[in-house]
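Participant: The structure is given below, and queries will be raised subsequently.
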Amino acid sequence: MGRAVVLGRADRGDQVLAVGSHPAKGDRLLAAAEATDLGDRVRFLAADLSTIKGTEKVLEYVAAEYETIDALVLAANRQSPKRIETSDGFESTFALYYLSRYLLGHGLMPTLVAGTRRSVIVNIAGVGLTSGRIHWDDLQLRDRYRTITAQLQAGRANDLLGVAMAAQYGQQVPYVLYHPGFTRSGDSAMEQINPLTRALIKTIARVAARPVEKAIMPVHDFIEAPPTQPLTAIDRGKPVPLDLKTLDPDAARRLADVTACLINDGSRPTT
């Protein structure tokens, strides 16, 4: 999906910076851009967004290279069948799927508000779903790690991130939570899934999954015409009520406070 958004925006005339952890995939992206005469509109930055250092690399690069940005699209995620701890001491799904989005949204806000055009943040996650929860007593899932548990917790954390960011910045930079639903997005998202499960998902996808081009069309719409309200939540084409329990403002403030403490503490997380 990220690749399709990048090439789609470049085809519409935008200058696009793509960020990813795999240089080889970046090379393929740049080759695809060159093949369609879009090479002068696409850059790729290799960075490990599951680490604070890797995410800070992106912030430093953008600050040095761009005076303004019109849109930030957050889509990084990776499933893991086993619990992996990052160099910062965070569970990897929490770090990549949620924490990097927190850091990028806050860190790039000065560049987002610097232009004359209304900017927007689009967070591609699972808004509208109510499965899963924030494990406040064990955010790093040391005692209860499961792939789906980690994914659902990070999804619910992104819901709350959108609420908190919209409350703080939404009048200047609207925040969009977007759930595209089951999308036929290739094999990269399933690299870590066992072969039997992967084969089953691919079989179902042939019948039920939406084409990538259709799934990302709303993203283009949000970028070209940012919403006027601070927070927009869309689940597979339908607006999500902002009073949904997974969008609770009190929980959003609590998670924002906890996250700030985790980042600023400088020690290994204890939650």
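No value in this document is a laboratory result; all are computed from the given coordinates. Since the model is a prediction, treat every value here as computed from it, not as a measurement. Virtual Cβ from ideal backbone geometry, glycine too; neighbours counted across all protein chains shown.
Participant: In a shell of Cβ-Cβ distance under 13 Å around V62, excluding V62 itself, what net charge do Lys and Arg (+1) and Asp and Glu (-1) give?
Facilitator: With Lys, Arg at +1 and Asp, Glu at -1, the net is -3.
Participant: How big is the dipole moment of the chain about its Cα centre under a simple scheme where the beta carbon of each Lys and Arg is +1, that of each Asp and Glu is -1, and everything else is neutral? Debye, nearest 20, please.
Facilitator: Dipole magnitude for the chain comes out near 920 debye.
Participant: Based solely on its DSSP helices, what 222 nm [θ] is calculated for the chain when runs of n ≥ 4 H residues each add -39,500 (n - 2.57) and the sum is averaged over all residues, nearest 500 deg cm²/dmol?
Facilitator: Counting only the DSSP helices, I get -13000 deg cm²/dmol.
Participant: Something else now. Give the shape of the range 127-183 as rounded, prolate or oblate, defined through the alpha-carbon gyration tensor: a ≥ b ≥ c are the square roots of its eigenvalues, a/c under 1.5 means rounded, and otherwise the shape is prolate if a/b is larger than b/c and oblate if not.
Facilitator: Oblate is the answer for the range 127-183, as a/c is 1.5 or above yet b/c matches or exceeds a/b.
Participant: Tell me which residues come under 5 Å, amide H to amide H, from V16 once H is placed; ignore anything under 5 positions away on its chain.
Facilitator: V42, R43
Participant: Sticking with this structure for a sec: Using the Cα centre of the range 77-165 as the reference point, and only Cβ charges (+1 on K/R, -1 on D/E), how large is the resulting charge dipole? Debye, rounded to the nearest 20. Let's see the in-between values first.
Facilitator: Details: 11 positive and 7 negative charges, 61 e Å.
For the range 77-165, the charge dipole is close to 300 debye.
Participant: Which of the pairs K25/K238; K25/K214; K53/K245 have their Cα atoms more than 26 Å apart in this structure?
Facilitator: From K25/K238; K25/K214; K53/K245, over 26 Å: K25/K238; K53/K245.
Participant: If you don't mind, another one. Could you give each residue of the range 150-164 its phi-based ³J(HN,Hα) in whole Hz, using Karplus coefficients 6.51, -1.76, 1.60 with θ = phi - 60°, and x for Gly or Pro?
Facilitator: These are the phi-based 3J(HN,Hα) values: 5, 5, 5, 4, 5, x, 5, 5, 5, 4, 5, 4, x, 5, 5 Hz.
Participant: From the backbone phi of the range 234-245, what are the Karplus-calculated ³J(HN,Hα) couplings (6.51 cos²θ - 1.76 cosθ + 1.60, θ = phi - 60°) in whole Hz, Gly and Pro given as x?
Facilitator: 10, 10, 6, x, 10, x, 9, x, 6, 9, 4, 4
Participant: Explain nothing, just compute: Karplus ³J(HN,Hα) = 6.51 cos²θ - 1.76 cosθ + 1.60, θ = phi - 60°, for every residue of the range 21-31 in order, whole Hz, x for Gly and Pro.
Facilitator: Karplus values, whole Hz, x for Gly and Pro: 8, 10, x, 5, 5, x, 4, 5, 5, 5, 5.
Participant: Here is a further query. Hey, can you grab everything whose amide H is under 5 Å from the amide H of R236? Only 5+ residues off in sequence or another chain; H modelled, so Pro and N-termini drop out.
Facilitator: Under 5 Å from the amide H of R236 lie the amide H atoms of H179, G181, each far enough along the sequence or on another chain.
Participant: I'd like the trypsin sites (Lys or Arg not before Pro) in the range 136-173 restricted to DSSP loop residues with at most 16 other Cβ atoms within 10 Å, sorted by number.
Facilitator: Here the trypsin sites (Lys or Arg not before Pro) that fit, given the DSSP loop and packing criteria, are R142, R144, R146.
Participant: Please report the antiparallel percentage of the DSSP beta bridges confined to the chain, to the nearest 5. If you can, show how the numbers build up before the last one.
Facilitator: On the way: 3 of 23 bridges.
Given both bridge residues lie in the chain, the antiparallel proportion sits at roughly 15 percent.
Participant: Starting from the range 15-87, pick out the GluC sites (Glu not before Pro) whose DSSP state is loop and whose Cβ has at most 14 other Cβ atoms within 10 Å.
Facilitator: E67
Participant: Continuing with the same structure: What list of whole percents do you get for P(r) of the chain, with Cα-Cα distances grouped in 10 Å bins up to the one holding the largest distance?
Facilitator: 7, 29, 39, 22, 3, 0
Participant: Net charge within 13 Å of T259 by Cβ-Cβ distance, Lys/Arg positive one each and Asp/Glu negative one each, not counting T259 itself?
Facilitator: Net charge around T259: 0.
Participant: Moving on. What's the exposure ranking of M217, M1, M165, going from fewest to most Cβ atoms within 10 Å?
Facilitator: Listing M217, M1, M165 from fewest to most nearby Cβ atoms yields M217, M1, M165.
Participant: For the residues D159, D37, what sequence is obtained by ranking on other C-beta atoms within 10 Å, fewest first?
Facilitator: Working: D159 31, D37 10.
Neighbour counts put them in this order, fewest first: D37, D159.
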